[in-house]
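Working notes for the structure below.
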Amino acid sequence: QAQLVESGGGSVQAGGSLTLSCVASGSILSINTMGWYRQAPGKQRELVAVISSGGRTSYADSVKGRFTISRDNAKNTMYLQMNSLKPEDTAVYYCNMYLPRTSTNYWGQGTQVTVSS
């Protein structure tokens, strides 16, 4: 079993910045894909960004150029730097880790991000 704990959420005004962190612990395989998802009220959970254990990244079109995903494998930690935040970025942000070797998905508890106009 693996555990994921997010931190760094909060409330900011439009145009502001926040950095989310996700620390993984427990049974973590070296080959994994980590990602950030978000879910706004009344909407489905959507992919924000993913990063492979080798550092390959992919972003949703809505956050390209504003958000940056990164990871520190030595610390089992993933980050999401969010700049130029917009009210439509308001959501609960979830950390995800996928282990392809076991086809297992793990989720964090979520952290709230609120952007006011």
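Where a number appears in this text, it was derived from the coordinates with a stated rule and is not lab data. Here the structure is a predicted model, which is why all the values come from computation and not from measurement. Heads up, the Cβs are rebuilt from the backbone with ideal geometry, glycines too, and the neighbour counts pull from every protein chain shown.
Return yes when residue 62 is hydroxyl-bearing (Ser, Thr, Tyr), more than 16 Å from residue 104 (Cβ to Cβ) and within 11 Å of the chain's Cα centre (by Cα) and no when it is not. Outline the logic, then answer.
Numbers: hydroxyl-bearing (Ser, Thr, Tyr): yes; more than 16 Å from residue 104 (Cβ to Cβ): yes; within 11 Å of the chain's Cα centre (by Cα): no.
No, not satisfied.
Mind checking whether some residue in the stretch 93-100 is touching a strand residue (DSSP E or B) at 6+ places or on another chain (Cβ under 7 Å) and free of Cβ contacts under 8 Å to residues at least 12 places away in the same chain?
No, that holds for no residue.
Considering the stretch 105-117 alone, what residues qualify as being assigned to a loop (DSSP other than H, G, I, E, B) and either of a type in the set (A, V, I, L, M, F, W, C) or more than 15 Å from residue 7 (Cα to Cα) (or both)?
117
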